[in-house]
Amino acid sequence: MSSFEWNKIIASVLTAMIVAMVAGILSTQIVRPRHLEKDAYTPPGAEAGAAAPTAAAATAPAGPDPIDALMAKADPAKGQQVAKVCLQCHTFDKGGANKIGPNLFDVTEENIASAPGYQFSQALSADKGDKWDVDKLNKWLFNPQNFAKGTKMSFPGLPKAQDRADVVAYLQSLK
């Protein structure tokens, strides 16, 4: 190949690079994204937990309302519907596989961080000797990050006490 042919190839490559660079500069000048003031979409279950802290949130109690009285009228069928937000990360079937989170079949009255074949965060492993009871499940479902600071679970929690009671009743029915 002659040097004239090589010059044409190199010129073509350089021209393509210059065109791409100019197109990039022009596109950033023409299209300027606007940042939204509020989220366009909030995933189910994240309505209350994802919002920025406000003055009302600052005065809210640090822990969840007790659900012991609500457990008497808790509905496992409603709890199963509420727990559908958990299906992205958990399974509820007997012998079900672990996903991002552990299988939750028969989790009530079991030791915390004891699901076989699942690697728990150090935050939950610190409570390994304790058992999941109604009170602990209530606190966990209200705000997992407050229950075990540093947990891998990013779910913001369930703000409604009746929803938490229904989910606990559903978990108790899985035996």
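Pick from P76, P43: which is under 21 Å from N143 (Cα atoms), of a type outside the set (A, V, I, L, M, F, W, C), modelled with pLDDT under 90 and surrounded by 10 or more Cβ atoms within 10 Å (Cβ to Cβ)?
Just one listed residue meets the conditions, P43.
Looking at the range 26-40, which of the residues that are surrounded by fewer than 10 Cβ atoms within 10 Å (Cβ to Cβ) and aliphatic (A, V, I, L, M) is modelled with the highest pLDDT?
The residue in question is I30.
Kindly list the number of the only condition in (1) in contact with a Lys or Arg (Cβ under 6 Å, 6 or more places away or on another chain); (2) within 18 Å of K152 (Cβ to Cβ); (3) not hydrophobic (A, V, I, L, M, F, W, C) that fails for D106.
D106 satisfies every listed condition except (2).
So E5 passes all but one of these: (1) acidic (D, E); (2) at pLDDT 85 or above; (3) part of a loop (DSSP other than H, G, I, E, B). Which condition number does it fail?
Result: E5 passes all but (3).
Just to verify a result, which residue in the range 86-101, among those that are of a type in the set (D, E, K, R) and loosely packed, with under 11 Cβ neighbours inside 10 Å, is nearest to V167 (Cα to Cα)?
It comes out as D93.
What about N138, is it touching a residue at least 60 places away in the same chain (Cβ under 8 Å) and either out of contact with any Asp or Glu (no Cβ under 8 Å at 6 or more places or on another chain) or surrounded by 14 or more Cβ atoms within 10 Å (Cβ to Cβ) (or both)?
Here the answer is yes, as N138 does meet what is asked.
What pairs can you find where one residue is in the range 6-18 and of a type in the set (S, T, N, Q), the other is part of a helix (DSSP H, G or I) and surrounded by 10 or more Cβ atoms within 10 Å (Cβ to Cβ), and their Cβ atoms are less than 7 Å apart, with a gap of 6+ or different chains?
none
Looking only at the range 56-73, filter to residues that are in a loop (DSSP other than H, G, I, E, B) and of a type in the set (G, A, S); which one of those is modelled with the lowest pLDDT? Before you say what the answer is, go through the steps one by one.
Start the filter on the range 56-73 by keeping residues that are in a loop (DSSP other than H, G, I, E, B), which leaves 60-69.
So of that shortlist, the ones also of a type in the set (G, A, S) come out as 60, 62-63, 69.
Values: A60: 49, A62: 65, G63: 73, A69: 88.
Among those that are in a loop (DSSP other than H, G, I, E, B) and of a type in the set (G, A, S), it is A60.
Which members of the range 82-106 meet the condition of being more than 15 Å from L137 (Cβ to Cβ), in contact (Cβ under 8 Å) with a residue 12 or more places away in the chain and not basic (K, R)?
Matches in the range 82-106: V85, Q88, C89, T91, D93, N98, I100, N103.
Looking only at residues in the range 149-173 that are modelled with pLDDT of 90 or more and among the aliphatic types (A, V, I, L, M), which one is surrounded by the most Cβ atoms within 10 Å (Cβ to Cβ)?
My answer is A165.
The values are calculated or read from the model by the stated rules, or taken from the named source; none is laboratory data. Predicted model only: the values in this text are computed from it and were never measured. Reconstructed Cβ throughout: ideal geometry from the backbone, glycine too, with neighbour counts over all protein chains shown.
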